Amino acid sequence: MDVALAAQMGEAVAQKVLQYRRDESGWKICREGKGVTVSWRPSAEFPGNLYRGEGVVTGTPERVWDFVKPLAGSLREKWDENVTSFEIIQSITDTMCVTRTATPSAAMKLISPRDFVDLVLVKTLEDGTIVSNAANVEHPLCPPKPGYVRGRNHPCGCFCEPVPGEPGRTRLVTFFQTDLSGLLPQSVVDAFFPRSMAGFYANLQTAVRSVPAAPARLALCAGPSVILPLPSPRRLAPARTEGTAAVPSQ
């Protein structure tokens, strides 16, 4: 994939994800509990929903990022039960890659295994927030594979934000808007995502608490991440949880 084109696409996705983070309008809570809140609103990208998850996780942003980044051989492959594997299709820069994520069957096998090919861009804001931004791309080195339905991630991402006055805690805000493709009843899709996202937070917290701390690696591929201006601050309502891990690549 051309570096200049990838950079342009990555920045466009990052701007959309940042807009989701700033925009409080239209969100409807669909699941909450145990400190995690999952909300939704209609997507402007496809005939589905944009989902937002919010919760506070024990651990610094760097440590939490080490558990959520979509990288082959990463900690997330070990704890995220809705991820079978990650692989890097193309390493573009230290903080930008094309990745493939494979997911197992879900919802009592009503959802068959999927895979997703995404351009992923990682950034760091002035206050220490680590942001991943991802969206579907087509790549000649990763055509559809037998045994998987190729899904599409529309602009999505996650924010690992410092909690003021609590250096050992991270506010994790996630955004997903995924077209699972295939002939799935809408009721199955609508039930799957909120439960999946809530479970993602619960499983993440368990993993962070059970795995000894190691030196954090902020970049997706290698090296330092990009330092960006901090977006205008805003307060978030306390959050809440439940379910099984969410969709690939943030």
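The values are calculated or read from the model by the stated rules, or taken from the named source; none is laboratory data. As the structure is a prediction and not an experimental result, all values here were calculated from the model. Because the Cβ atoms are built from the backbone with ideal geometry, glycine has one as well, and the counts that use them run over all protein chains shown. Heads up: the accessible areas ignore ligands, DNA and RNA and are worked out on the full protein's heavy atoms, side chains in. Shrake-Rupley method; radii C 1.70, N 1.55, O 1.52, S 1.80 Å.
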Evaluate region 48-55: report whether one residue or more is in contact with a strand residue (DSSP E or B) (Cβ under 6 Å, 6 or more places away or on another chain) and open to solvent by 30 Å² or more (accessible area, probe 1.4 Å).
yes
Quick one: in region 126-136, of everything that is of a type outside the set (Gly, Ala, Ser) and open to solvent by less than 20 Å² (accessible area, probe 1.4 Å), which residue is nearest to Gly10 (Cα to Cα)?
Asn133
Go through (1) over 23 Å from Asp179 (Cβ atoms); (2) part of a strand (DSSP E or B) one by one and return the number of the condition Val64 breaks.
(2)
Filter pass, Gly165 being closer than 26 Å to Ala202 by Cβ, open to solvent by 30 Å² or more (accessible area, probe 1.4 Å), out of contact with any Leu (no Cβ under 9 Å at 6 or more places or on another chain) and of a type in the set (Gly, Ala, Ser)
yes
Please go through region 93-123 and give me each residue that is in contact with a strand residue (DSSP E or B) (Cβ under 7 Å, 6 or more places away or on another chain) and either over 17 Å from Asn153 (Cβ atoms) or open to solvent by 30 Å² or more (accessible area, probe 1.4 Å) (or both), ordered by number.
Thr95, Ser105, Ser112, Pro113, Lys123
Quick one: which of His154, His139 is open to solvent by 10 Å² or more (accessible area, probe 1.4 Å) and within 13 Å of the chain's Cα centre (by Cα)?
His154
Which numbered condition Phe175 fails, given (1) part of a loop (DSSP other than H, G, I, E, B); (2) at pLDDT 95 or above; (3) under 17 Å from Arg21 (Cα atoms)
(1)
Starting from region 1-25, keep only residues that are surrounded by 15 or more Cβ atoms within 10 Å (Cβ to Cβ), then list their pairs with residues that are part of a loop (DSSP other than H, G, I, E, B) and basic (Lys, Arg) whose Cβ atoms are within a distance under 9 Å, requiring at least 6 positions of separation or different chains.
Arg21/Arg234
Among what's in region 59-85 and is of a type in the set (A, V, I, L, M, F, W, C), touching a helix residue (DSSP H, G or I) at 6+ places or on another chain (Cβ under 7 Å) and surrounded by 21 or more Cβ atoms within 10 Å (Cβ to Cβ), pick the residue that is farthest from Tyr201 (Cα to Cα).
Val83
Checked region 1-24 for anything under 12 Å from Arg52 (Cα atoms) and part of a loop (DSSP other than H, G, I, E, B); matches are Asp23, Glu24
Tell me which residues, restricted to region 87-113, are within 21 Å of Pro146 (Cα to Cα), of a type in the set (Ser, Thr, Tyr) and assigned to a strand (DSSP E or B).
Thr99, Thr101, Thr103
Do we find that Gln177 is crowded, with 24+ Cβ neighbours inside 10 Å and either over 19 Å from Ile130 (Cβ atoms) or without any contact (Cβ under 8 Å) to a residue 60 or more places away in the chain (or both) in this structure?
yes
